[in-house]
1. What do you get for Rg/Rh of the range A:125-180 when both radii come from the Cα atoms and Rh is the Kirkwood radius?
2. What are the ³J(HN,Hα) couplings of the range A:334-350, residue after residue, when phi is run through the Karplus curve with 6.51, -1.76, 1.60 and θ = phi - 60°? Round to Hz, x for glycine and proline.
3. For the range A:46-169, what number results from the quotient of the Cα radius of gyration and 2.2 N^0.38 Å?
4. Place +1 on the Cβ of every Lys and Arg and -1 on the Cβ of every Asp and Glu in the protein assembly as shown, take the dipole about the Cα centre, and give the residue among B:Phe216, A:Val506, B:Ala34 whose Cα lies farthest towards its positive end.
5. Report relative contact order for the range A:364-438 in percent, whole number only (criteria: Cα-Cα under 8 Å, sequence separation at least 6).
6. Arrange A:Lys456, A:Lys359 by Cβ neighbour counts within 10 Å, fewest through most, would you?
7. Mind putting a number on the dipole of the range A:1-109 about its Cα centre? Charges go on the C-beta only, +1 for Lys and Arg and -1 for Asp and Glu, and I need it in Debye to the nearest 20.
8. Cα-based Rg (one decimal) and Dmax (whole number) for the range A:362-499, in Å?
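Each value in this text was obtained by applying a stated rule to the coordinates, not by laboratory testing. Small disclaimer: the values here were computed from a predicted structure and weren't measured. Cβ sites come from the backbone with ideal geometry, for glycine too, and all protein chains shown count toward neighbours.
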Amino acid sequence: MIEIEHLTYTYPGSPAPALVDLSLRVNTGEFVLIAGPSGAGKSTLLRCLNGLVPHFTGGTLSGKISVEGHDPVREGPHVLSRIVGFVFQEPHSQFVMDRVEDEIAFALENAAMPPGEMRVRVEEVMHLLDLTPLRSRKLETLSGGEQQRVAIAAALAFRPRILVLDEPTSQLDPQSAEDVLQALVRLNQEWGLTILLAEHRLERVLPYVDRLVYLPGPNGRAPMFSGPPREVLPHIDLTPPLITVGKALRWEPLPLTLKEGRAFAARMPALPPVQRALSVPPRENAPLLRIQDLHFSYDHHPALCGVHLTISPGETIVLMGRNGAGKTTLLKCIVGLLRPQRGQIWLNGEPITGQPPEKICQRVGYLPQEPDMMLFADTVMEELWTTLRNHGLQHAPPVPPCDLLVTLGLEGYADAYPRDLSAGQRQRVALGAIAVTRPRLLLLDEPTRGLDYWLKQQLVRLLRTWKQDGTAVLLATHDVEFAAQIADRVVILSNGQVVVDDQPTVLAASPLFAPQVARLFPDTGWLTAEDVMNAYPIGV
Amino acid sequence: MIDPRIWLFWAFTMLVAASEVRNPLYILWLLLVAWIVEIRWALHRGQKIPWSFRWGVLLIPLAGLFNGMSVRIGETVLLRLPSWLPLMGGPITLEALVYGVLNGMALTIILSAFLTFNRATPARDMVRIVPKAFYEAGVILSIALTFFPLMLRTVQDIREAQMVRGHRIRGLRDWLAIWLPLLMNGLERAVRLAEAMVARGYGAPFPSGSPMGVQFSLAGGLTALLGGWLVRLFVPQHRDAGLGVLLLGVGLILGTVWWVGHAHPRTGYRNRSWTLWDGLIGLGCGVAAWILIDPFSWVDPQALYYSPYPRLLLPDFHPWVGLGLLGLLIPAFAKRSSEID
């Protein structure tokens, strides 16, 4: 059992506390989801449970924490490591060894466990997480989902009674995320393990949890809520589409799973299927970007095999596919970071294949997966000027940097140090750094990674604003709900080939990429909660 | 799977051989041995030519050229460069070129041996052969080994991220856009890893002797070692006493290391059992090492340490020595573990 009473914690040098007077009780064997906007203190709360906060971070802590009768503040993370297994967001950043078995055994070797017992423990957790066939594999050769399962196995090697996970599925595609969650459900149900999980994408986790703890934002938009999901969800503003629809249509009790939701949906008055109007009829415009028969291989491993694609001005295309399908490779080929072995790319009718990235990127903005790799200047404003100077545009900026900061919602942060900002703000700074040349085409690689619902809505609004100006967007994402909101067209890649290039309604039929609303109301052509609410008057 | 200590012994013997041997026939013999073992153990999937071969093709002629241009010894003058050419002016001799080529071959052997050792011995095995007292240092080494390729990948990611902003590296100042994100990223990653390791119980204190005692013991050992050596060097009438003090120092240091290791118990997940191949390779390396350090009485030691100066002569080749050095080829016949792939 975990008991927290009046916990307040402030990071060193921080003017405001990360957690304020938090009280919580978690019973043994519960599966608890910790939700809340970025900066709400989810990770801090989880780190308090094994003593990483304050032992590793410093800072001031008041209040009382008891984890299975132990005090993490007094006893520290070394003692608590036997009771609380901890899994971090990025699996590869927590690995010490290079092979599956050795990674799992690392903590046990450190604790000088007798070899016989150690082997039993390693076999046990590998069996539990379906890792036995991967036991000798190098960690770098595993998929994201497999790596995360290894990280969970390593955390379970000490047979802890509590497993704590900090956004373990944020880097994973839907199928890998589902595999990890299924493993957690098994651990919870069959082993009786207490699980605390912080996660932004509630739609993935809600069906499995016993309790939802909602931490309000740093500016205290709402009080903290804790209880069964059905009791807490009505108090939260931004929720998964199923819950949003359920709340809007006043479904009682609020459905948590699609199965429950379908029972309500079936009782709704039938409406004829709608055709989502495309804001840009792509085929009628001259293409902004044309890709023909593009091939690219990494050391004889084909990543792109004959890709054909066209993008029109003002069009938003969402590129989907499992990890390793070739999404990032395609984006990098377009901006010249990778040179295709075959095929041709035209931008505004001009062939750009083989041109240096610096030249292409005057007209094409590319936001890589890790926006932090871009940021190095002292201020947000300086980041924008750096790009302008790089392109020789400092004397005649295509868009005034001050105006761009307003569009990005960063006008109050012009003099801030970029790396001090939140994840969402940093991402917008990076977006500004590539958009300051006013490119007509934006390429975004996983732009919603690590963003909460609030920040995702901000990004949707921003991209829609730019779309009005005729900016085309090609974005790669695993986030099906985001894709459903933003896409004019969906392109699905598989093994380097375009297997789908169609209107977003095609997602409705995809077992892997269908958004919740499409699963809830099949054959209607609806993809987002907005579609449902437009179709039914509130309170039907 | 070959025991990492045996691999270490093999790599060390190759290093000694490459450093000692300059007989062109033996050194060619050793180079072939190194390449065959590398082909067997160190080729990546899809790779057909060993890395050291590619380097060797570049390194050997370059070393020959460099030596030929910079060394003026030797009787077989191939050509004379004008004396006004700085550093290079003067006679270019065949002997100097050959000696440079031999040095290039020796460097290629060392490179090949270490590539093989590195590829055939996973980082975790290297950590496990480190004495317990240096376990922490071993773990740091292991992390560094996995950190380095990650860092190279990060440099590439940062370069790409900056290139798409139109960044070009034209001067020293332009590197700031690479180094600053790299530094920040490296620090953040190090903190994340440290946090993950602490959360898994790494660094938990074990009951052990006082650090002060360890420091005194080590300092005493080093003092005795140095003192004994100085006595042997400068006071010939007390050489035996000096040896005694020196051995006492060595004993004290080893004892301290053992004691510290004993106070930090660790266990190993993989218990390796000694295999026939370990024995055979160890024996092969032992024979080769014996030949290199103390050649057979009927072999002229100068045959190994051949010099082409002042005039190039055909070197000797003793079949028994060649056969003995073939002991280093035994790993090429051992079963390769699937773990290497």
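1. Expressed as Rg/Rh, it is 0.95.
2. 5, 8, x, 6, 10, 9, x, 6, 8, x, 9, 10, 10, 10, 6, x, 9
3. Dividing the Cα radius of gyration by 2.2 N^0.38 Å gives 1.08.
4. Looking along the dipole axis, the top candidate is B:Ala34.
5. Working: 87 pairs, mean separation 36.5, N = 75.
Normalised by residue count, the contact order of the range A:364-438 is 49 percent.
6. A:Lys359, A:Lys456
7. On the way: 7 positive and 13 negative charges, 81 e Å.
Value, rounded to 20: 400 debye.
8. For the range A:362-499, the Cα radius of gyration and maximum Cα-Cα distance read 14.8, 46 Å.
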